[in-house]
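Have a look at this one before I ask anything.
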Amino acid sequence: MRVGVVIRDDMASTMGGGFTFQSSVLAGIQSTPLAHRFVILSIGDGLHAPDAPVPWINLARQYA
């Protein structure tokens, strides 16, 4: 199964619980071998390494 995870990648660490939750979910997805294929859909300004273990699609940049 392919699973899309939507994140806000320009979220500041001062935003509290939301930032911590999002960081924990992303770390788990990227570091654990999973039965499903994940794709991260970003709606912020960040850039991501092309060789990341989980593919990133930056929607803000792609459709701007």
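Every read-out reported here was derived from the displayed coordinates using simple, explicitly stated rules and does not represent laboratory data. Every value quoted in this text rests on a predicted model; they were computed, and no experiment measured them.
Relative contact order (percent) for the chain, with alpha-carbon contacts under 8 angstrom and 6 or more residues of separation?
Numbers: 80 pairs, mean separation 25.0, N = 64.
Dividing the mean separation by the residue count of the chain yields 39 percent.
I'd like the Karplus ³J(HN,Hα) series for segment 28-41: coefficients 6.51, -1.76, 1.60, θ = phi - 60°, whole numbers in Hz, and an x wherever there's a Gly or Pro.
x, 5, 7, 10, 10, x, 10, 6, 9, 9, 9, 9, 8, 9
Search the structure for amide H atoms under 5 Å from the amide H of SER42, placed 1.01 Å from N in the peptide plane, and list their residues when 5 or more places away or on another chain.
ILE7, ILE57, ASN58, LEU59
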